[in-house]
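A short write-up of the structure that comes next.
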Amino acid sequence: MCGFPVLALLLRCGRATKVSMLGRLFFLFVTVPLIELTLLLFIAGRTNWRFTLALVLVTGFVGAWLARMQGWQTYLRIQRELASGRMPTDSLVDAVMIFVAGALLLTPGILTDLFGISLLLPPCRRFYRQRLQHWFRSSVEVHSAKFRQSQSHDQIIDSYVVQREDEQR
């Protein structure tokens, strides 16, 4: 399974405990960086600072390369689907996830790199896409309305102009 407990917590929080958006943002922008910093310091303490710095840089470069390759493949898949007349819904969702993965991989940290790499793996992306689709279907309601054309008594006459041969000279 490709899911991370943090992602499951964020997706589940809205339903079970009705955590406010401010609480989620606080978690993402304060708690996650603190956890990342703690992990980086822990790894630096167990190894050395050079290894930790190299780890962050290598995952950033490899992740950027992977995101570029996956992004290009997804772009080509979108083009093929559009050319065949199909709506590229799954491919567009993949493109957004690859973009998010690239941003996460450029962010220094261990958890963000792991989550970013998981977004670049097609089986994990499929799992995340299914979870997002399930969440959207349960959270969003779509209503449709029918509109009638008004009964107008105006008459439209289609016409065109014909020039006589003697007027053309």
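Bear in mind these aren't lab numbers, they're just calculated from the coordinates by the rules spelled out. As the structure is a prediction and not an experimental result, all values here were calculated from the model. All Cβ positions, even for glycine, are placed from backbone atoms using ideal geometry, and neighbour counts span all protein chains on display.
In table form, for the structure just shown:
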{"quantity": "Extension gain (nm, one decimal) between LEU111 and VAL32, 0.36 nm per residue minus Cα-Cα", "calculated": "27.6 nm"}
{"quantity": "Using alpha carbons only: equivalent-ellipsoid semi-axes of region 5-140, gyration tensor based, whole Å", "calculated": "29, 23, 9"}
{"quantity": "Mean Cβ neighbour count within 10 Å, used as a protection proxy, ranking 129-142, 89-102, 38-51 highest first", "calculated": "89-102, 38-51, 129-142"}
